[in-house]
Amino acid sequence: MTPAQIIKEAFRGFPFGQPCTPANIARAEHDLGESLPEELREFYRMFDGFHGPTDAHFFWSLFEKNGLVDFNRFLRSGDEFPHRFVSSCLFFGDAGIGDMWGIKRDLPGKVVRWDASWGEDFQIAGESLVEVWLAEKKTFDGLKKKKRA
């Protein structure tokens, strides 16, 4: 199974967007002024965002309000956020609790977790989007089990 198929299976029953066309991906890259990492491109070819537990936007749609293009442009446009840091990352989703996931260009093969209140500090969330999303789902699933007990 491909990574995108693994996620579709693991998050069965959660809402997924329709696959993005190559033209939409090219438009997003043009609007951002950079190419999407191949890992993100692969997921967008399968689905344009998806919601995880608690309806959190685990993977942002390319063009929705506060989607990948809109939100990254917002982060990079003002003085509220550390410009050098946010310009070195491409943020793509969140678990609905304030921090977000991104790919930092100078850390290939890593997914970072960042909250705007952290300044330039960040955490390594995992080695791949699949690893990060499955770990986050496992946390939410564990919380549901504790609540039922």
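The values are calculated or read from the model by the stated rules, or taken from the named source; none is laboratory data. A quick note: this is a predicted structure, and the numbers were derived from the prediction, not measured. When we count neighbours, we look across all protein chains shown, and the Cβ atoms used for this are built from the backbone with ideal geometry, even at glycine. We work out accessible area using only protein heavy atoms, side chains counted, and drop any ligands, DNA or RNA first. Shrake-Rupley method; radii C 1.70, N 1.55, O 1.52, S 1.80 Å.
Listed values, structure above:
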| read-out | value |
| --- | --- |
| Per-residue [θ]222 nm for the chain (sum of -39500 (n - 2.57) over DSSP H runs n ≥ 4, rounded to 500) | -12500 deg cm²/dmol |
| GluC sites (Glu not before Pro) restricted to DSSP loop in segment 52-149 with at most 12 other C-beta within 10 Å | GLU80, GLU120, GLU127 |
| Longest DSSP-loop-exposure-free segment, trypsin sites (Lys or Arg not before Pro), the chain, at most 10 other Cβ within 10 Å | 66-149 |
| Protein accessible area in the chain, 1.4 Å probe - carbon and sulfur % | 54 |
| Lysine pair number, Cα distance threshold 26 Å (strictly under), the chain, separation 8 or more or different chains | 20 |
| Computed magnitude of the charge dipole of the chain (debye, nearest 20; Cβ of K, R +1, Cβ of D, E -1) | 680 |
| Projected area, mean over directions - the chain, Cα convex hull, nm² | 9.1 |
| Accessible surface, per residue, of the chain when the full set of protein chains is kept, probe 1.4 Å, Å² | 54 |
| Inter-label distance for ARG45 and GLU64, nm, one decimal - labels placed 7 Å from Cα along Cα-to-Cβ | 2.3 |
| Simple spin-label estimate for HIS30 and LYS138 in nanometres, 7 Å along Cα-Cβ | 4.2 |
| Positive minus negative residues near TYR44 (Lys, Arg vs Asp, Glu; Cβ under 12 Å) | -2 |
| Contact order normalised by residue count of segment 9-149, Cα under 8 Å, 6+ apart, percent | 16 |
| Whole-angstrom gap from segment 1-19 to segment 20-56, using each part's C-alpha centre | 14 |
| Positive-end extreme of charge dipole, the chain - chosen from THR54, ALA28, PRO3 (charges on Cβ) | THR54 |
